[in-house]
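One structure below.
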Amino acid sequence: MSIDSFEKISDEKKATIIQSGIAEFSKKSYMDASTDEITKNCGISKGLLFHYFGNKKNFYLYCLELALKRLLTDVPKSDQSDFYGIIFSHADEKFKLCEKYPSEMHLVNMAAREMSVKVLNEKNELIVRYMIRNHEKSQQIMEKAITALELKDINTEKLKDAITIYLGAILNKYLERYKETPELFFERSAEIKTEIKEYLDFMLNGVVKEGVSV
């Protein structure tokens, strides 16, 4: 394997090779993805691809990590000052990234369900590492959003955790619904955000009549 050699080729050629890999891995499982198809589409020999990356597994992990970097990159700080404005402006920036990198979105979606033992441990480690980083950023956004609320005398740390867990469960509902057609998730983002607001309203405003014990 000679990643250094790969990094020295032209940016245009690197982009062509990587996008060919991302396109193939985004449509097929690891085992079904073809390096012959990848090399044919980017105009290099399989020998050269393996010279750069050693084997199919290393190339797959390289493509997956690049996809995660593109999708989980830092987004511009919001200038919104209200709770929903802060949360949804951050979500909108994430939507824009997924619209900008649709093949990367499909690759990460495929990787989340990839069960081949040949890559299972390494791809899980990659995904977890980036999800932890993303969670830390999300917590910062949530903390800013919560400061915009007029709160009762409560533990704000527990509230932040509660809303984060609750919002995560809501998002998982939609991700599960659209796992086979993730592009629809983004096409229907306005409708989904309206529903998410309704769910969050239940939590923030309560559903039990005042004065009624539960």
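The values are calculated or read from the model by the stated rules, or taken from the named source; none is laboratory data. Computed from a predicted model, the values in this text were never measured in an experiment. Here the Cβ is made from the backbone with ideal geometry for all residues, glycine too, and neighbour counts use every protein chain on show.
Restricting attention to segment 141-149, does a residue exist that is surrounded by 13 or more Cβ atoms within 10 Å (Cβ to Cβ), touching a residue at least 60 places away in the same chain (Cβ under 8 Å) and part of a loop (DSSP other than H, G, I, E, B)? Checking segment 141-149: at least one residue is surrounded by 13 or more Cβ atoms within 10 Å (Cβ to Cβ), touching a residue at least 60 places away in the same chain (Cβ under 8 Å) and part of a loop (DSSP other than H, G, I, E, B). When Ile44, Ile38 are screened for being in a loop (DSSP other than H, G, I, E, B), farther than 19 Å from Lys193 by Cα and outside the structural domain of Arg188 (by TED's automatic domain parsing), only Ile44 passes. The number of residues in segment 79-112 being touching a residue at least 40 places away in the same chain (Cβ under 8 Å), over 17 Å from Lys179 (Cβ atoms) and either among the polar types (S, T, N, Q) or touching an Asp or Glu at 6+ places or on another chain (Cβ under 7 Å) (or both) comes to 1.
Going by the structure shown, is Phe59 more than 22 Å from His106 (Cα to Cα) and under 26 Å from the mean Cα position of the chain (by Cα)? Considered against the rule, which asks whether it is more than 22 Å from His106 (Cα to Cα) and under 26 Å from the mean Cα position of the chain (by Cα), Phe59 comes out as no. Entry remark, segment 76-106: residues being of a type outside the set (Asp, Glu), over 13 Å from the mean Cα position of the chain (by Cα) and not in a helix (DSSP H, G or I) number 5 in total. Anything in segment 107-123 that is within 19 Å of Leu175 (Cα to Cα) and assigned to a helix (DSSP H, G or I)? List them, or say none. If the condition is that a residue be within 19 Å of Leu175 (Cα to Cα) and assigned to a helix (DSSP H, G or I), then Leu107, Val108, Asn109, Met110, Ala111, Ala112, Arg113 are the ones that fit. Being touching a residue at least 40 places away in the same chain (Cβ under 8 Å) and in contact with a Ser or Thr (Cβ under 8 Å, 6 or more places away or on another chain) is the filter here, so list the residues in segment 1-27 that pass it. The answer is Gln19, Ile22, Ala23, Ser26. With respect to the stated conditions, Gly47 is of a type in the set (Gly, Ala, Ser), over 25 Å from the mean Cα position of the chain (by Cα) and over 19 Å from His135 (Cα atoms). The set of residues in segment 1-24 being loosely packed, with under 11 Cβ neighbours inside 10 Å and in a helix (DSSP H, G or I) consists of Asp4, Glu7, Lys8, Asp11, Glu12.
For segment 134-171, the set of residues classified as charged (D, E, K, R), out of contact with any helix residue (DSSP H, G or I) (no Cβ under 9 Å at 6 or more places or on another chain) and under 15 Å from Leu72 (Cβ atoms) consists of Glu136 only.
For segment 64-83, the count of residues that are in contact with a Pro (Cβ under 6 Å, 6 or more places away or on another chain), over 30 Å from Leu204 (Cβ atoms) and crowded, with 16+ Cβ neighbours inside 10 Å is zero.
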